[in-house]
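Beneath this line is the structure, given in structure tokens, with notes to follow.
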Amino acid sequence: MLQKTSDRPDGSDNVLVLVRHGQSEWNRLNMFTGWKDVGLSEEGVSEAHRAGQRLKDEGLVFDSAFASTLKRAHNTLDIILGEVGQGKLPIIKAAALNERDYGDLVGINKEEARKRFGAEKVQIWQRSYDVAPPGGESLKDTAARVCPFFDRWIVPELQSGKNVIVVAHGNSLRSLIMELDKLTPEEVQHYSLATATPVIYRVKADGTLAEKRSLAA
């Protein structure tokens, strides 16, 4: 995670922007998606354009852009960068940022899953920190790949004074935010991210986080 030292030459603040992808076709159908590579819904495309417009209104210019390898994430990022006038900014795509694997739940409607397995058990699989659905990952498992990637690839960008945008998924970002915000396993159960709603962290010159804001509609 971010350190309290920096080689930043000008001493200025910069930002880290985290965005969950816009609504996907399976979000629209209330289905567990996980690693299934489904596209954005029509509403998801609109959400991505609105997110980009909000970031443009903030006057943000990005130096680095990261996304998962799943098209609902990098297509959202493509749209956002187009809206802020940076459509040619290279995107680094990494499987480490992919959504949590929901295993045997993938492709099942969430209401159907509650009927089949029990609402309490499905709630635990969805929201707990260290309990995985059958054949899938827990949030703890997801954090074990997301956070090392963040430390290796994104932290150096931030420490050098760059503005960074990351577009990924509800759970991969939830696992990262748990670390950034120092949330407990109990607290993270109640934390969720709306689709295509940018979360902005301001990073101080010493590498610490100074502010967090959500650009909700």
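Things to note:
- Taking the criterion of being part of a helix (DSSP H, G or I) and open to solvent by less than 30 Å² (accessible area, probe 1.4 Å), the residues of the range 114-157 that qualify are V122, W125, Q126, L139, T142, A143, V146, C147, F149, F150, I154, V155.
- Against the conditions (1) within 13 Å of L16 (Cα to Cα); (2) buried (at least 18 other Cβ atoms within 10 Å of the Cβ), S214 satisfies every one except (2).
- Any hit, the range 125-133, residues being under 15 Å from the mean Cα position of the chain (by Cα), of a type in the set (A, V, I, L, M) and at negative phi: no
- Some residue of the range 160-171 being more than 23 Å from T69 (Cβ to Cβ), open to solvent by 10 Å² or more (accessible area, probe 1.4 Å) and part of a loop (DSSP other than H, G, I, E, B): yes
- Among the residues of the range 41-57, those identified as open to solvent by 10 Å² or more (accessible area, probe 1.4 Å) and out of contact with any Pro (no Cβ under 9 Å at 6 or more places or on another chain) are E42, E43, V45, S46, E47, H49, R50, Q53, K56, D57.
- Qualifying residue in the range 103-124 (condition: at pLDDT 95 or above, within 22 Å of S24 (Cβ to Cβ) and under 17 Å from the mean Cα position of the chain (by Cα)): no
- Taking (1) closer than 24 Å to Y129 by Cβ; (2) open to solvent by less than 40 Å² (accessible area, probe 1.4 Å) in turn, L60 satisfies each apart from (1).
- Between L180, L176, the distinction of being of a type in the set (A, V, I, L, M, F, W, C) and in contact with a Cys (Cβ under 8 Å, 6 or more places away or on another chain) belongs to L176 only.
- When restricted to residues that are touching a helix residue (DSSP H, G or I) at 6+ places or on another chain (Cβ under 8 Å), aliphatic (A, V, I, L, M) and closer than 20 Å to E157 by Cβ, the range 48-76 contains 4.
- Within the range 15-35, the set of residues being touching a strand residue (DSSP E or B) at 6+ places or on another chain (Cβ under 9 Å) and either modelled with pLDDT under 95 or surrounded by fewer than 19 Cβ atoms within 10 Å (Cβ to Cβ) (or both) comprises E25, L29, N30.
- Those helices (runs of 4 or more DSSP H) lying entirely in the range 25-93 with at least 2 residues of a type in the set (D, E): 42-57, 71-83
- Residues in the range 189-211 that are at pLDDT 95 or above and among the β-branched types (V, I, T) were compared, and the one that is surrounded by the most Cβ atoms within 10 Å (Cβ to Cβ) is T195.
The values are calculated or read from the model by the stated rules, or taken from the named source; none is laboratory data. The structure presented is a predicted model; accordingly, all values stated were derived computationally and were not measured. Methodologically, a virtual Cβ is constructed for each residue, glycine included, from the backbone with ideal geometry; neighbour enumeration extends over all protein chains shown. Ligands, DNA and RNA are excluded from the accessible area calculation, which covers all protein heavy atoms including side chains. Shrake-Rupley method; radii C 1.70, N 1.55, O 1.52, S 1.80 Å.
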